[in-house]
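The values are calculated or read from the model by the stated rules, or taken from the named source; none is laboratory data. This one's a predicted model, so the numbers in the text were calculated from it and none came from an experiment. When we count neighbours, we look across all protein chains shown, and the Cβ atoms used for this are built from the backbone with ideal geometry, even at glycine.
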Amino acid sequence: MDDSKHLAANKLEEQITGTFHVFLLLGQSNMAGFPKAQDSDKEKNPRVLVLGFDDNPKLNREANKWDVACPPLHEAWAGAVGVGDWFGKTMAKRYPDDDIIGLVPCALSGQKIETFMKSTTDSKYEWIVERCKMAQVKGGIIEGILFHQGESNNGDPTWPGKVGTLVKDLKKDLNLGDIPVLVGELLYSGGCAGHNVLVNQLPGIIKNCHLISAKDLLVDPSDTEWNLHFSHDSMVTLGKRYAEKMIEVLGL
């Protein structure tokens, strides 16, 4: 990273003063994003930041460094728009102009819930905790968890309990209290539609947990192999639905 980039990064981090509202993005490919980002998704709001998921030379973004949010928030190679993009844009409208929003993307495409859990084989739990602590060190207050996962655990009756354990561990280890957890339904079409019976159990298992509906949302036409990813417009709608529910729950 050259000197000009160092200066830009330092200037950006200096913005993180006052109230720094942070949200964790957790799940698999529908959280990370599948449809390609369009020009309409790429308009930046300097008050919405993202903690770099990986190195993205095209965006001059570095892993574990703060940057102004714009897609892709997750894997650089995917170039996708995900839940967090329009969640962040929508939330920014409801906070005071001096406040900053921080997104911590930790979704991993194609992964079962066990990958995210504490003390499991090949667990990514400590990686998630470490990234959240990077936000807390900067004065960030983690105010909510956005969760969308389940396709890789389709129909597993033990899945709701495992999600509950994951959330309980994160809240304890990060000292989060009972912050809201928003869980999204899977597409109503395709082979994973039946998993929504289990998704709908989560608000009864997790404190302050709220369901995000996938009603009327459509599969991406390019997803001919899996038939489980949201289309571009549906992804935009889904991100806005997460934001609308978070605004309601936080009383903004």
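Give me the residue from region 204-221 that is without any contact (Cβ under 8 Å) to a residue 40 or more places away in the chain and farther than 26 Å from F34 by Cα and, out of that set, surrounded by the fewest Cβ atoms within 10 Å (Cβ to Cβ). So the residue we want is G204. No other residue among G144, G82 is of a type in the set (G, A, S), surrounded by 19 or more Cβ atoms within 10 Å (Cβ to Cβ) and touching a Phe, Trp or Tyr at 6+ places or on another chain (Cβ under 6 Å) apart from G144. Scanning region 50-80 for residues that are assigned to a loop (DSSP other than H, G, I, E, B), under 18 Å from K124 (Cβ atoms) and in contact (Cβ under 8 Å) with a residue 60 or more places away in the chain yields one hit, N64.
Only one of the numbered conditions (1) modelled with pLDDT under 95; (2) touching a helix residue (DSSP H, G or I) at 6+ places or on another chain (Cβ under 7 Å) is not met by V81, and that is (1). When region 230-252 is limited to residues that are within 17 Å of L186 (Cβ to Cβ) and among the hydrophobic types (A, V, I, L, M, F, W, C), the one that is surrounded by the fewest Cβ atoms within 10 Å (Cβ to Cβ) turns out to be L238. The combined condition, being within 17 Å of L252 (Cβ to Cβ) and within 12 Å of the chain's Cα centre (by Cα), is fulfilled by G102.
So that you can scan it fast, the table gives a plain yes or no per residue for (1) touching a residue at least 12 places away in the same chain (Cβ under 8 Å); (2) in contact with a Lys or Arg (Cβ under 9 Å, 6 or more places away or on another chain); (3) of a type outside the set (A, V, I, L, M):
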position: G110; (1), (2), (3): yes, no, yes
position: I113; (1), (2), (3): yes, yes, no
position: V137; (1), (2), (3): no, no, no
position: E151; (1), (2), (3): yes, no, yes
position: P157; (1), (2), (3): yes, no, yes
position: V163; (1), (2), (3): yes, no, no
position: L176; (1), (2), (3): yes, no, no
position: L182; (1), (2), (3): yes, yes, no
position: E185; (1), (2), (3): yes, yes, yes
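Among the residues in region 165-182, are any more than 18 Å from L24 (Cβ to Cβ) and among the hydroxyl-bearing types (S, T, Y)? No, every residue in region 165-182 fails to be more than 18 Å from L24 (Cβ to Cβ) and among the hydroxyl-bearing types (S, T, Y). Could you list all residues from region 109-137 that are of a type in the set (D, E, K, R) and in a helix (DSSP H, G or I)? Hits for region 109-137 are E114, E126, E130, R131, K133.
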